[in-house]
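All remarks here apply to the structure that follows.
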Amino acid sequence: MNVKQRTIKEPVSVSGTGLHTGEFVTLTFNPAPEKHGYKFRRVDLPGQPIIEADCDNVTDTSRGTTLTQNGASVSTVEHVLAAMVGLEIDNVLIDISGPEMPIMDGSSINFIDAIEAIGFTEQDADREYYHIPYNIHYTEPDRKVEMVAMPLDTDYRFTCMVDYNSQVLGSQHATISTIAEFKKEIASSRTFCFLHELEALLKHDLIKGGDLNNAIVVVDKEVDEEELAHLAKLFNRKDISVAPQGILNNIELRHQNEPARHKLLDMIGDLALVGVPLKGHIMAARPGHAANVAFAKKIKTLIKKERSRKHIKVYDPNMKPVYDTVQIMNILPHRPPMLLIDKILELSKTHVVGLKAVTMNEPFFIGHFPGAPVMPGVLQIEAMAQTGGILVLNTVPDPENWLTLFLKIENARFKDKVLPGDTLIFRCDLVAPIRRGIAQMKGIGMVGEKIVVEAELMAQIVKYK
């Protein structure tokens, strides 16, 4: 049985102070449509820019994870994203009235409690997991960071080990065998820092929203009464002392290995930036935001390669076409020598496959390297666009009265030469629903099993008769 995507029933808000900026902000979780994913919206900025939760949008990992897109940034997103993954929410639009997520109590539990209070809505689309296919490794030898994602088809499992060479903290590990354990075992684990780090942050005014209620402070050095009194004054406390566990007595540990559990929480939040729910077992030693994001990028790159590979299909050029050349000319306004598609082999609402038989009789070979004829890359893109035009014009009842015009070409890559005698087959897939006559497509061109050209196209159909 396929698991369905889900969102939340209605908007819900929480408010608090950003740890580093000190700004008081309101965070509002909104229901979102299928295949929307996680997105942030800066409602305090002109135009309310959207920032997608994507590892390619990470711009800083020094004091939390920061995302930047469309001229706007949001920081310390990891605790919020961990809550979304832990609640198995697929689609949500998160409004934020400032540049940083509220720190709340330093964990994810407040976000989880707020969302569980309003509940979830199951959606029609299936949840599309990425199953880790084999061991994927990431290491940073200088920092002794090791991470591996291993195949596990049944669930999303985590094991995390931390070791800071501290007599107080020592080595700790935390684990969950299923993501369903997140709320009970991980969500309430708070962020932590060492006393020497806290002092440096205070000195440089880098935790303007810091409060001893939202962090565990590990005392990793000798500290006298004068220093404790100074800290008490800074945080408006009557007094502060060192608890027997080697932490400041501002709070009690919720778990004996709370720091390791929080590192696991951070890892779940950062790996949400892969962009799809995962099935696998993630094991990490000494993880941090920079390593988490680098690991997420490595997994995302693998997913993109595998998804593009799924489109590689060897088509029979002699199969009965959906449209032959005459039928194509009844749809497209192009005529020889600018008609660059001979057949349409497949056509659905979301994809199209077209064929171009490349012969030495092509007029462009007269002037394009006549001694070593190669099909010009720009004409390969044109042929791809004509193939995509058939897909877009198939949405109107009178295609002969419409034109398909380029709006954008991005990420065009030419991977091999196309020569006389080659049979060039194009496949174009919609990457978003067609709206207002505008189509966004991912196109590839193949000779046999080899991709020779690929590009992302945006086109618009306009009426001309």
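The values are calculated or read from the model by the stated rules, or taken from the named source; none is laboratory data. These numbers come from a predicted model, not from an experiment. Note that each Cβ is placed from the backbone with ideal geometry, even for glycine, and that neighbours are counted across all protein chains shown. The area values use the complete protein model at the heavy-atom level, side chains included, leaving out ligands, DNA and RNA. Shrake-Rupley method; radii C 1.70, N 1.55, O 1.52, S 1.80 Å.
Summary table
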{"read-out": "Charge context of Glu252, other residues only, Cβ under 13 angstrom, K/R +1, D/E -1", "value": "0"}
{"read-out": "Estimated translational D of the stretch 405-465 in µm²/s (Stokes, Kirkwood radius over Cα pairs; 20 °C; 1.002 mPa s)", "value": "167 µm²/s"}
{"read-out": "Amide H contacts of Gly170 (H built 1.01 Å from N, under 5 Å, at least 5 apart or other chain)", "value": "Tyr164"}
{"read-out": "Cα shape, the stretch 57-152, gyration tensor, a/c 1.5 rule", "value": "oblate"}
{"read-out": "Sequence ranges 10-21, 290-301, ranked by mean other-Cβ count within 10 angstrom, highest first", "value": "290-301, 10-21"}
{"read-out": "10 Å-binned pair-distance histogram of the chain (Cα, whole percent)", "value": "4, 17, 23, 20, 15, 10, 6, 3, 1, 0"}
{"read-out": "Descending principal axes extents, the stretch 1-85, alpha-carbon based, whole Å", "value": "45, 27, 25"}
{"read-out": "Computed over the stretch 311-379, Kirkwood Rh from alpha-carbon pairs, angstrom", "value": "13.7 Å"}
{"read-out": "Sites Glu140 and Glu449 - FRET efficiency at Förster radius 30 Å, r taken between beta-carbons, to 0.05", "value": "0.25"}
{"read-out": "Long pairs among Lys35/Lys305; Lys4/Lys279; Lys144/Lys304; Lys184/Lys297; Lys35/Lys300, criterion Cα-Cα beyond 26 Å", "value": "Lys144/Lys304; Lys184/Lys297"}
{"read-out": "The chain, helix-only ellipticity at 222 nm - DSSP H runs n ≥ 4, -39,500 (n - 2.57), divided by all residues, nearest 500", "value": "-6500 deg cm²/dmol"}
{"read-out": "Surrounding net charge for Gln48, when Lys and Arg each add one and Asp and Glu each subtract one, Cβ distance under 9 Å", "value": "0"}
{"read-out": "Additional length obtainable on full extension of the chain from Thr68 to His368, 0.36 nm per residue less Cα span", "value": "103.7 nm"}
{"read-out": "Cβ-based net charge around Met319, under 10 Å, with every Lys or Arg adding one and every Asp or Glu removing one", "value": "0"}
{"read-out": "Inter-label distance, nm, simple model (7 Å from Cα along the C-beta direction), Ser15/Thr395", "value": "4.2 nm"}
{"read-out": "Relative contact order [Cα under 8 Å, 6+ residues apart], the chain, whole percent", "value": "13 percent"}
{"read-out": "Those aspartates and glutamates that a straight Cα-Cα span of less than 12 Å connects to Lys442, excepting residues fewer than 8 apart in one chain", "value": "Glu410, Asp429, Glu454, Glu456"}
{"read-out": "Heavy-atom surface of the stretch 271-349, accessible at 1.4 Å and reported per residue (Å²)", "value": "50 Å²"}
{"read-out": "In sequence order, calculated HN-Hα J values of the stretch 440-448 (Karplus, 6.51, -1.76, 1.60; Hz; x Gly/Pro)", "value": "10, 10, 9, x, 9, x, 10, 10, x"}
